[in-house]
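Take a look at the structure set out below.
The values are calculated or read from the model by the stated rules, or taken from the named source; none is laboratory data. As the structure is a computational prediction, the values presented were derived from the model and not from experiment. A quick note on method: Cβ atoms are made from the backbone with ideal geometry, for glycine too, and the neighbour counts reach across all protein chains shown. We work out accessible area using only protein heavy atoms, side chains counted, and drop any ligands, DNA or RNA first. Shrake-Rupley method; radii C 1.70, N 1.55, O 1.52, S 1.80 Å.
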Amino acid sequence: MREYKLVVLGSGGVGKSALTVQFVQSEFVDQYDPTIEDSYRKQVEVDGQQCMLEILDTAGTEQFTAMRDLYMKNGQGFILVFSIISPSTFEELTELHQQIIRVKDSMTVPIVLVGNKCDLESDRLVPRSDGDRLSMEWGSAPFYETSARTGVNVDEVFYDLVRKINRQNPHRSQRRASRPNKCTIL
């Protein structure tokens with residue numbers, strides 16, 4: 001079974017923990033308790049393959065930014081989360097994205113962009129078109145609007161990130177099967 005290291009990043013209060021807990025435990029965490037770092041494991045099936053997801057829910061507060069380089073170095077895929085009711089959380093993602101690109105030393109890192117709190121449509125301050133535009137700037141990164149409260153698009157975010165990782169880094173057995181055997185027996 002292939003393991004995946006997924007990292008959830010974004011500003012404080014955007015719902016990173018609520019998204020992660022909704023995905024892992026199918027429940028909504030109503031109270032906000034700032035995270036330092038939480039790790040979750042969940043076995044899922046994506047496109048007929050069993051996968052073990054190790055999900056790192058990171059701190060959104062400034063005092064823990066020094067730990068981000070380590071998260072980014074070890075992560076295989078990233079979920080970048082903003083709140084549709086907070087423009088500053090959207091604006092801060094550009095810096096996070098640039099940091100990921102720098103740490104990974106690659107322009108093609110598996111990333112999914114998430115606008116959380118779509119159940120608060122009447123309080124929306126970040127238009128969906130802004131998310132679409134940023135997605136295109138990031139090389140057509142998948143963009144979802146989610147609600148950790150109602151579960152809208154939560155599973156899709158994590159499954160789509162696994163698919164992106166698989167497309168970019170096929171599993172060793174898949175690569176071996178597609179490559180001709182270069183050994184010649186005489």
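Residue-wise test of (1) closer than 27 Å to ARG167 by Cα; (2) in contact with a His (Cβ under 8 Å, 6 or more places away or on another chain).
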{"position": "LEU80", "(1), (2)": "yes, yes"}
{"position": "SER86", "(1), (2)": "no, no"}
{"position": "GLU92", "(1), (2)": "no, no"}
{"position": "LYS104", "(1), (2)": "yes, no"}
{"position": "VAL114", "(1), (2)": "yes, no"}
{"position": "SER122", "(1), (2)": "no, no"}
{"position": "GLY139", "(1), (2)": "yes, no"}
Practice task
Could you check segment 68-164 for helices (runs of 4 or more DSSP H) lying wholly inside it with 1 or more residues that are at pLDDT 95 or above and aromatic (Phe, Trp, Tyr)?
Solution key: 87-104
Exercise for the section: Kindly indicate the residue of segment 70-93 that is closer than 16 Å to SER129 by Cα and of a type in the set (Val, Ile, Thr) and also farthest from the chain's Cα centre (by Cα) among those meeting that condition. Expected result: ILE85
Practice task
Considering only residues that are in contact with a Lys or Arg (Cβ under 7 Å, 6 or more places away or on another chain) and open to solvent by 30 Å² or more (accessible area, probe 1.4 Å), look in segment 100-137 and name the one that is farthest from VAL157 (Cα to Cα).
Solution key: VAL103
Fill in the blank from the handout: Over segment 39-56, the set of residues surrounded by fewer than 16 Cβ atoms within 10 Å (Cβ to Cβ) and of a type in the set (Asp, Glu) is GLU45, ASP47
Practice task
Evaluate the following for GLU156: is it open to solvent by 30 Å² or more (accessible area, probe 1.4 Å) and in contact (Cβ under 8 Å) with a residue 60 or more places away in the chain?
Solution key: no
